[in-house]
Amino acid sequence: MAFAVYSHYTPGLLCQGSIRRTRAPGSFPRAFGRFALTSQNSRFSGLHRLHARFGGVDPEKQRGQRGGMERMQRGTAVRVQADNENVAFVAGAAGRTGVRVVRELAARGFKVRAGVRSLSKSPEDIFNGKDAYNGGGVTPVVNVEGVELVEFDVEDPASLPAAIGDATIIVCCIGAPEDKPLDASLPKRIDGTGTKNLIEAARAAGIRHFVLQSSLGTGRFGWPAAVLNLFWGVLDHKRDAELALVASGVPFTIVRPGGMERPTDAYEETHNILLAAPDTTFGGQISRRQVAAICADAACHPAAATNKIVEVVAEEGALAAPVPAMLERISPVVQGGADVAPGTVGYYERKYTFKDSWQARWLEVMGFGGMAPEAINGRLAMLGALGILGAEADNQGTLLEQFGDNAVFVAAMTVAVIGTSLIPFFKGVTASDAKAGPFNQFAEITNGRLAMLALSTILYTELSTDDVFWDLVVEKVPFLS
């Protein structure tokens, strides 16, 4: 197996450790979206010049040539300069993306301070263990002698300076734990406040480059990326962290990946990376290994990546191109200033905020924490309870009999209540705007909940006794007869 090195000098960082793997001399070179093509075989020099000029290779010419992943042997990396400029702190290093970021940085020769919540495992166990990579092929092994585990907690700002230590680069891969989906506080605590704590610590430490893994859909509403916001507003909190980073004055790169749940590490064998400008991509998938490579390339090539926001997915028909070349095509966000001139923070915040589209309003109104579901259910229950008790008093049968005899009327009333409730909500009117004496939000919520309980009681009683609820009430309360 031959190793070729994509050497890219930038001020303060000689990143010669960006390993680009090729097949052995005499075979056709592989072209992945995360690899820059070079070859030790001179007969491919013309192809290399063509690739370098146009930034891509026709994937149809390489598809049949791809095989299993080569093994990256320990100690074969051409290492970067071993000084403090090449020390990186990775927040969330034990996570599924963080593990891969540490491996990519270590393979490039970085010293890595791997931020974890617990020191119960060794670097070898975490970064070269059986769960380090997934997918087909042989798991490559990286040298983790330059990886130091450090304990930290983004919810404890006092723990961050010691964790960052002498690092000059931070790669942030933290996020709300996926195994606790019912804890509504986690996205705000981790993706929002926790990330902002780390950004403030980075500013105080004079960090030279902060790479933040975010998500598609944080800057502008788009489908299907916005579905993720149903997870307790996680995109809103990620966006708050992005804005804090842009306003901090710390040089940054924000990486917004597509879905990473399904693709394995073998995804790069058939799907090449696509980098796009912010708020232009709202769907697509990419493997965690590819995202890790992008983060490592951003840290390795700050001249191409600084102050840029990129959205990344991987597609089967995409041209393969080196990540630094794709980063250079993205326009930077200019830091500083509070006005709305193009490229300033104010311009970024105004342009990339969530738009008040009907889709966004629908999620806000009808989401788990939205105002509409309980209000509509309560209103339907209040009308239903009064109507059912009145009809039963008029000897029109049980609840279910009434529904069966008046199905069209019930459906029409349901549609009318839902429609008249949603129209004001979508125009920005909320239940809290009702403040006419006793007709207020608290009274409606209370009455609605009581009505829902009443309907449940009526239905349960009639099903269990085969009798009309009103008749049973009259037997207990004679003056109602």
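Throughout, read-outs are computed from the coordinates displayed, never taken from laboratory work. Not measured: the values here are computed from a predicted model. Positions of Cβ are backbone-derived with ideal geometry, glycine not excepted, and every protein chain shown enters the neighbour counts.
Our summary gives region 87-352 a relative contact order of 17 percent, counting only alpha carbon pairs under 8 angstrom and 6 or more residues apart.
Take each peptide in 309-317, 405-413, 165-173, count the other Cβ atoms within 10 Å of every residue, and average; sorted highest first, the result is 165-173, 309-317, 405-413.
For region 217-251 versus region 144-179, the spacing of their alpha-carbon centroids is 21 Å.
Measure up Lys111/Lys180; Lys180/Lys238; Lys121/Lys180; Lys196/Lys308 against 25 Å on the Cα-Cα distance and list the ones that go over.
Exceeds cut-off: Lys111/Lys180.
Spin-label model, Ala158/Glu401: points 7 Å from Cα along the beta carbon direction are separated by 7.1 nm.
Sorted on the mean count of surrounding Cβ atoms within 10 Å across their residues, most packed first, peptides 95-104, 251-260 read 95-104, 251-260.
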